[in-house]
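*Asks:* First the structure, which I've put down as structure tokens, then a few questions once you've had a look.
The values are calculated or read from the model by the stated rules, or taken from the named source; none is laboratory data. This one's a predicted model, so the numbers in the text were calculated from it and none came from an experiment. Ideal geometry is used to build each Cβ from the backbone, glycine not excepted, and the neighbour counts take in all protein chains shown.
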Number of protein chains: 2
Amino acid sequence: MTATIRDVARRAGVSIATVSRAMRDPSIVSAQTLHRVQEAASDLDYTPSQLGRQLAERRHAANGIVFPDLSGPYYAEVVLGYEAVASELGRAVLILATHGRPAAAEMVTRLAGRCDGLVVLGPTVSDTVLLGLAARGVPLVTAARPPVAGVDSVSAENAGTARALATHLADQGARTVLFLGDPALSSDVQERLAGLEAGADAAGIGVRVLPVSSMDEEGGARAAEGLASGDLPDAIACANDELALGLMTALRTRGVVVPRDLLVTGWDDIMAARYAELTTVRQPLHDLGATAARFLDDFIAGRRSEPRHEVLPTELIVRSSSSPAKGDNQ
Amino acid sequence: MTATIRDVARRAGVSIATVSRAMRDPSIVSAQTLHRVQEAASDLDYTPSQLGRQLAERRHAANGIVFPDLSGPYYAEVVLGYEAVASELGRAVLILATHGRPAAAEMVTRLAGRCDGLVVLGPTVSDTVLLGLAARGVPLVTAARPPVAGVDSVSAENAGTARALATHLADQGARTVLFLGDPALSSDVQERLAGLEAGADAAGIGVRVLPVSSMDEEGGARAAEGLASGDLPDAIACANDELALGLMTALRTRGVVVPRDLLVTGWDDIMAARYAELTTVRQPLHDLGATAARFLDDFIAGRRSEPRHEVLPTELIVRSSSSPAKGDNQ
DNA sequence: CCCTGCTATGTAACCGGTTACAGAAACCGG
DNA sequence: CCGGTTTCTGTAACCGGTTACATAGCAGGG
């Protein structure tokens with residue numbers, strides 16, 4: 001068995017209190033005692049038990065982060081930004097992927113019992129669950145999902161850039177735009193659609209909506225199959241890049257040439273979008289996670305006043321999928 | 001303050017032992033008592049403290065996973081596979097990204113104190129650190145790095161598929177192959193190079209090695225600049241996809257046409273490789289993580305006998321970057 | 001020389017659970 | 001009606017730390 005503080009105390013001929021003090025703050029122990037304790041500790045290869053410490057201090061020194069998935073580049077990058085800041089602040093990071101499981105609520109609640117605070121990303125659990133946690137006093141920050149009353153949130157701007165996207169498509173000569181994605185699925189999608197519609201209205205062009213079975217390449221490919229060849233829109237704005245990529249690939253096999261026959265845009269600016277020459281919107285993913293981590297830390301440390309809701313800026317990236325003029329290069 | 005087991009016991013008029021029993025195994029408590037305890041617990045909104053429980057049970061019910069980074073799709077996918085299995089086994093997952101920081105060893109050691117076991121991926125900490133942890137009795141599994149004596153490991157096959165890759169390049173008519181990547185950087189790279197050389201030898205073609213400054217797109221782009229225009233090899237085999245993608249993009253701006261002038265291959269089969277039509281090698285990333293999680297669990301549960309070293313199969317994916325015949329489609 | 005104040009240390013009460021052990025109550029067959 | 005089980009519950013000792021409070025020793029000022 002591994003050595004405990006009592007073993008060290010016995011060996012050094014001091015009390016456990018002294019050992020504890022020597023470990024946490026060497027300056028409050030006499031030089032001689034310190035030396036004896038350190039000797040005993042290293043002899044026994046002693047490492048203070050984090051559990052004992054945490055129980056006594058009544059803090060976990062850990063934060064949790066909950067996300068739907070990690071297979072896309074999206075959440076991975078957010079998690080990474082989060083981890084970078086959290087570990088800098090000396091907190092461990094617990095992750096939980098919900099994968100749309102129905103037991104998600106229970107899993108999140110259990111997770112909340114293991115950490116000092118939680119960041120919840122995207123469509124993972126219902127607002128009810130979050131309100132329940134907040135009521136129990138669990139420090140909470142949401143990211144990439146609609147703000148919940150009284151809970152800090154961080155998200156990326158949607159409507160404004162979507163509006164700019166509509167303007168861009170109109171500038172490229174599009175008269176009819178199809179929005180590919182299910183607004184019911186997430187508030188981000190809703191906001192993107194709303195912005196797109198606003199921009200389209202202003203430019204005097206029309207927007208139709210086509211829901212998808214899933215927000216991945218497969219969903220995009222399926223949507224492509226469903227499009228009537230005779231009646232293609234001028235442009236298809238997809239709710240994310242994966243949809244757009246799947247769509248473009250499927251369209252190509254049908255002989256539709258992008259952007260000549262049809263403009264296509266995505267959202268997220270994942271790495272593959274660059275190589276597919278896909279026009280898209282870049283989000284500050286890393287920052288999203290990092291900001292969430294800082295908000296959470298402020299909250300835990302009691303430095304927050306009112307709930308904050310930060311919206312980070314996004315950027316339209318025009319590539320050749322929506323802009324024949326851009327040629328084949330970026 | 002949140003309710004403790006003693007509050008519940010007092011309210012239900014029973015001892016804390018009874019409350020504990022009622023919470024963990026309702027069947028060993030009389031129906032009447034159970035009801036009273038449950039009532040009291042729900043009145044007080046009682047949730048057992050994980051910390052108290054963990055200390056008493058002397059287990060964390062959590063595993064850690066250490067990786068260099070999460071920005072590429074590589075580790076993200078492995079982590080995800082790991083998380084899926086671990087959470088199924090009822091264990092929380094703690095993550096730690098080392099980012100090549102020198103303090104990594106200390107961070108890993110601290111992490112080890114918070115979980116029942118650890119999976120260590122790739123170039124994160126030295127073998128010495130791992131041996132130290134193993135000696136302290138920390139259950140350990142390594143993945144995507146060379147096996148350490150006495151420690152379970154999981155990795156993906158390198159040499160065999162690299163050999164197949166060399167054969168493929170020779171079949172495509174390449175006489176000279178340049179390997180792009182620094183073998184000193186990781187054992188995976190070493191093995192890939194060794195396999196490539198073996199295959200090239202067998203096919204009677206030559207291999208040169210060009211180290212890179214970094215294993216990302218930037219590194220690939222820099223390497224492209226360094227190539228003498230007059231003296232291009234027939235093929236460039238890159239140590240990973242990002243290098244290959246960066247290289248191809250840079251070559252294109254120089255007017256070099258792939259695959260007409262030069263064949264290029266990567267390794268990993270990240271999503272962007274598909275869109276760039278890059279020949280590459282697919283690794284079972286999700287499986288890598290999942291297998292590591294199972295190994296670790298077996299170890300912790302005491303079900304292991306001898307250290308195991310599993311090598312998962314990989315698959316050569318030929319696309320048009322190395323195969324003019326493939327045309328522009330996959 | 002005594003009193004005061006400071007430093008270094010020990011004692012013991014936590015933190016919030018689990019569980020070995022023991023005792024009480026109820027139930028059983030003979 | 002009695003001894004032996006079985007079932008349920010309580011007592012108390014952990015798990016491994018932190019820390020409030022008490023105390024001893026010692027230096028310094030009056």
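*Asks:* Cβ-Cβ below 8 Å, separation at least six or inter-chain, first residue in segment A:306-325 and among the hydrophobic types (A, V, I, L, M, F, W, C), second part of a loop (DSSP other than H, G, I, E, B): which pairs?
*Replies:* These pairs meet every condition: A:311/A:157; A:312/A:157; A:312/A:283; A:312/A:284; A:317/A:269.
*Asks:* Name the single residue, out of those in segment B:203-222 being among the β-branched types (Val, Ile, Thr) and not in a strand (DSSP E or B), that is surrounded by the most Cβ atoms within 10 Å (Cβ to Cβ).
*Replies:* B:212
*Asks:* Here is a check on your reading of the model: is residue B:162 surrounded by 24 or more Cβ atoms within 10 Å (Cβ to Cβ) and part of a helix (DSSP H, G or I)?
*Replies:* Against the criterion (surrounded by 24 or more Cβ atoms within 10 Å (Cβ to Cβ) and part of a helix (DSSP H, G or I)), residue B:162 qualifies.
*Asks:* Among the listed residues A:79, A:108, A:125, A:141, identify the single one that is surrounded by 18 or more Cβ atoms within 10 Å (Cβ to Cβ), in a helix (DSSP H, G or I) and more than 11 Å from the chain's Cα centre (by Cα).
*Replies:* Matching residue, one of A:79, A:108, A:125, A:141: A:108.
*Asks:* Follow-up question, since we're still on this one. Within segment B:47-76, take every residue that is away from DNA strand C (no atom under 13 Å from the Cβ) and among the hydroxyl-bearing types (Ser, Thr, Tyr) and give me the one that is farthest from the chain's Cα centre (by Cα).
*Replies:* Within segment B:47-76, the match that is farthest from the chain's Cα centre (by Cα) is B:71.
*Asks:* Could you go through segment A:166-180 and let me know if any residue there is touching a residue at least 24 places away in the same chain (Cβ under 8 Å), aliphatic (A, V, I, L, M), in a helix (DSSP H, G or I) and surrounded by fewer than 17 Cβ atoms within 10 Å (Cβ to Cβ).
*Replies:* So far as segment A:166-180 goes, no, none of its residues is touching a residue at least 24 places away in the same chain (Cβ under 8 Å), aliphatic (A, V, I, L, M), in a helix (DSSP H, G or I) and surrounded by fewer than 17 Cβ atoms within 10 Å (Cβ to Cβ).
*Asks:* Mind listing just one residue for me: the one in segment A:60-73 that is part of a loop (DSSP other than H, G, I, E, B) and touching a Leu at 6+ places or on another chain (Cβ under 9 Å) and, of those, nearest to the other protein chains (Cβ to nearest Cβ)?
*Replies:* A:70
*Asks:* When both residues are 6+ apart or on different chains and their Cβ atoms are under 8 Å apart, which pairs have a first residue that lies in segment A:75-88 and is at the interface with chain B (Cβ under 7 Å from one of its Cβ atoms), and a second that is surrounded by 23 or more Cβ atoms within 10 Å (Cβ to Cβ) and of a type in the set (Phe, Trp, Tyr)?
*Replies:* As it stands, the answer is A:79/A:67, since those pairs meet every condition given.
*Asks:* When you scan segment A:260-330 for strands (runs of 3 or more DSSP E) that lie fully inside it, which ones turn up with 2 or more residues that are closer than 29 Å to residue B:244 by Cβ and in contact with a strand residue (DSSP E or B) (Cβ under 8 Å, 6 or more places away or on another chain)?
*Replies:* Output list reads A:263-265, A:280-282, A:315-317.
*Asks:* Test residue A:96 against the criterion of being within 10 Å of DNA strand D (Cβ to nearest atom), modelled with pLDDT of 95 or more, touching a helix residue (DSSP H, G or I) at 6+ places or on another chain (Cβ under 7 Å) and within 11 Å of chain B (Cβ to nearest Cβ), and give yes or no.
*Replies:* Considered against the rule, which asks whether it is within 10 Å of DNA strand D (Cβ to nearest atom), modelled with pLDDT of 95 or more, touching a helix residue (DSSP H, G or I) at 6+ places or on another chain (Cβ under 7 Å) and within 11 Å of chain B (Cβ to nearest Cβ), residue A:96 comes out as no.
*Asks:* Which is touching a helix residue (DSSP H, G or I) at 6+ places or on another chain (Cβ under 7 Å) and not β-branched (Val, Ile, Thr), of B:62, B:41, B:56?
*Replies:* B:41
*Asks:* Among the residues of segment B:223-237, is any in a loop (DSSP other than H, G, I, E, B) and within 13 Å of chain A (Cβ to nearest Cβ)?
*Replies:* No.
*Asks:* When you scan segment A:27-46, how many residues do you find that are near DNA strand C (Cβ under 10 Å from one of its atoms), small (Gly, Ala, Ser) and either assigned to a helix (DSSP H, G or I) or within 14 Å of chain B (Cβ to nearest Cβ) (or both)?
*Replies:* The number of residues fulfilling the criteria is 2.
*Asks:* I want to confirm something. Restricting to segment B:1-21 and keeping residues that are small (Gly, Ala, Ser) and within 10 Å of DNA strand D (Cβ to nearest atom), which single residue is nearest to the other protein chains (Cβ to nearest Cβ)?
*Replies:* B:20
*Asks:* Scan segment B:4-21 for residues that are touching a residue at least 24 places away in the same chain (Cβ under 8 Å) and outside any helix (DSSP H, G or I) and jot them down.
*Replies:* B:4, the sole residue that qualifies.
*Asks:* Only one of (1) of a type in the set (D, E, K, R); (2) within 9 Å of another protein chain (Cβ to nearest Cβ); (3) under 39 Å from the mean Cα position of the chain (by Cα) fails for residue B:24. Which number is that?
*Replies:* (2)
*Asks:* Further question on the same structure: Go through segment A:276-290 residue by residue and tally those that are surrounded by fewer than 23 Cβ atoms within 10 Å (Cβ to Cβ) and out of contact with any Ser or Thr (no Cβ under 8 Å at 6 or more places or on another chain).
*Replies:* Of the residues in that region, 3 qualify.
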